1. Quick one: in the stretch 94-119, of everything that is at pLDDT below 90 and assigned to a loop (DSSP other than H, G, I, E, B), which residue is farthest from GLN174 (Cα to Cα)?
2. When both residues are 6+ apart or on different chains and their Cβ atoms are under 8 Å apart, which pairs have a first residue that lies in the stretch 228-257 and is on the phi > 0 side of the Ramachandran plot, and a second that is assigned to a helix (DSSP H, G or I) and at pLDDT 90 or above?
3. Select from the stretch 120-146 the residues that are in a loop (DSSP other than H, G, I, E, B) and either crowded, with 18+ Cβ neighbours inside 10 Å or touching a strand residue (DSSP E or B) at 6+ places or on another chain (Cβ under 8 Å) (or both) and list them in ascending order.
4. So which residues in the stretch 237-249 are hydrophobic (A, V, I, L, M, F, W, C) and surrounded by fewer than 16 Cβ atoms within 10 Å (Cβ to Cβ), if there are any at all?
5. Looking only at the stretch 147-164, filter to residues that are farther than 11 Å from TYR187 by Cα and more than 19 Å from the chain's Cα centre (by Cα); which one of those is surrounded by the fewest Cβ atoms within 10 Å (Cβ to Cβ)?
6. Need a quick list: strands (runs of 3 or more DSSP E) entirely within the stretch 250-359 having at least 3 residues that are buried (at least 17 other Cβ atoms within 10 Å of the Cβ).
7. If you check every pair at least six apart or on different chains, which have Cβ atoms under 7 Å apart with a residue in the stretch 52-69 that is within 21 Å of GLN181 (Cα to Cα) and open to solvent by 70 Å² or more (accessible area, probe 1.4 Å) first and a residue that is part of a loop (DSSP other than H, G, I, E, B) and modelled with pLDDT of 90 or more second?
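The values are calculated or read from the model by the stated rules, or taken from the named source; none is laboratory data. None of the values given here were measured: they were computed from a predicted structure. All Cβ positions, even for glycine, are placed from backbone atoms using ideal geometry, and neighbour counts span all protein chains on display. To get the accessible areas, we keep the full protein, side chains included, count just its heavy atoms, and leave off ligands, DNA and RNA. Shrake-Rupley method; radii C 1.70, N 1.55, O 1.52, S 1.80 Å.
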Amino acid sequence: SAVEKLDIDVADESGVVCVRLRGFTARLLENEQEAGTLLLKPVWRVRHAAKREGWSPEQHRVLLCGWEDAGPVIEAALGPSVRCIVAGNGAADLAGHYEAVVLQVLGELRSVLEEKPQGPVLLQALVPCSGDGSLLAGLSGLLRTAHLENPNLVGQVIHVEEGDSPTSVAAKLQESATAPQDGQVRYWRGVREVLEWDEVEVPSVAASPWRDGGVYLITGGAGGLGLLFAAEIVRCAKGARVVLTGRSALSAEKQLALAALGEGVEYRQVNVSDGAAVAALVADMTARFGSIQGILHGAGVIEDTFMVKKTAVSAQRVLSPKVAGVVNVDAATQDMALEFMIFFASASGALGNVGQGDYAAANGFLDGYARYRNELASAGLRRGRTLSIDWPLWRDGGMRVDASVLHMQHSQGVTPLETRRGIQALNEALAADADQVLVLSGDLKRL
């Protein structure tokens, strides 16, 4: 039945029933075909810190990402009740530094969880507003996931201009600490701003980006989305060539699916976390086809588990394809006249998702890297538009989730994205003026 009725008892740890619900009823959306799709883009809006009455964190920790030398002054200004932690291992490369910071934050969150705090714990990540350091804003998805897994964990990413004085930085941290509802805050040119979401103005007709004779690279192409978009490219563009990549050899089933797409589509076994292998692939494609018009970076690994159980080794496997992978792909193509580079990110990077803290951080990096690469393009250091699309679950995308998760999403008005609508959403997102677009599918009124 589409309707489920439950009687629910909520008890404390000693078994005493605190709440009883009788006849709680939930109804699934009856017709997914009638569900709509919502496209959103992030915007910064001026917001004063609205102090939350009665809010008093049991612990307050600050991660200093880029303010290592100013740490003692900031810590002294914040007072003895606040603990400051220098983030990162000093790695010079973007991917290595980001992954090290994520692993360190995961360690901090695990230590808090193991202490089993009885009250709220505030963890603020201090990151630069611009430059390489701004990529650490991707920590927001990890902190949001921590809050979803344990409401006592409250995270904020605070963006501050690099030239700001340590005492001024400390004052900004203290101000935003009074408004824990603001998950991502930016102090820019003397103004406090909060990250919010606006609906994308979708054009009446969004043109397909694939062109006749074009050459396209799809990383993570052995997955469901890679094959879906490869099929769409060869359908729309005559004489197009598509190279799919993946870490593993293709199964017999995937080989048949690939063969059905025609001679213009091929598969190469390449690990995008290996920079030399990516460079060799791009050089080979250039030698054979002359150029590459577009790239879809869809490589990714999921190893879902609660944060308190997450190991550094497991997190590294999840981070590497998206973080090191995108840096390697960008480095290998930095001198090419690309038309676009599209990152297949996940809504978990923007909203968080239970059991996916590392995956959220990996996708958050893609969101930040899209902005970063567009800034490089504006400075003449890259070519082509960069876009990060935060996808929801696709109905035919190849990813499988637990039935209880699907049931919960249905009860919230969320439905898996239908293939035709997903392809249309990519075209619409490319037509939008945004570095990052979040896609949601389901009951539009509830969304």
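1. Selected residue: LYS116.
2. If the second residue must be assigned to a helix (DSSP H, G or I) and at pLDDT 90 or above, no pairs are left.
3. Hits for the stretch 120-146 are PRO120, CYS129.
4. Initially, the stretch 237-249 is screened for residues hydrophobic (A, V, I, L, M, F, W, C), giving 237, 240, 242-244, 249.
ALA249, the sole residue that qualifies.
5. GLY163
6. Because the criterion is at least 3 residues that are buried (at least 17 other Cβ atoms within 10 Å of the Cβ), the strands (runs of 3 or more DSSP E) in the stretch 250-359 that meet it are 294-297, 340-346.
7. ARG52/THR178; ARG52/ALA179; ARG52/PRO180; ARG52/GLN181; GLU58/GLY119; GLU58/PRO120
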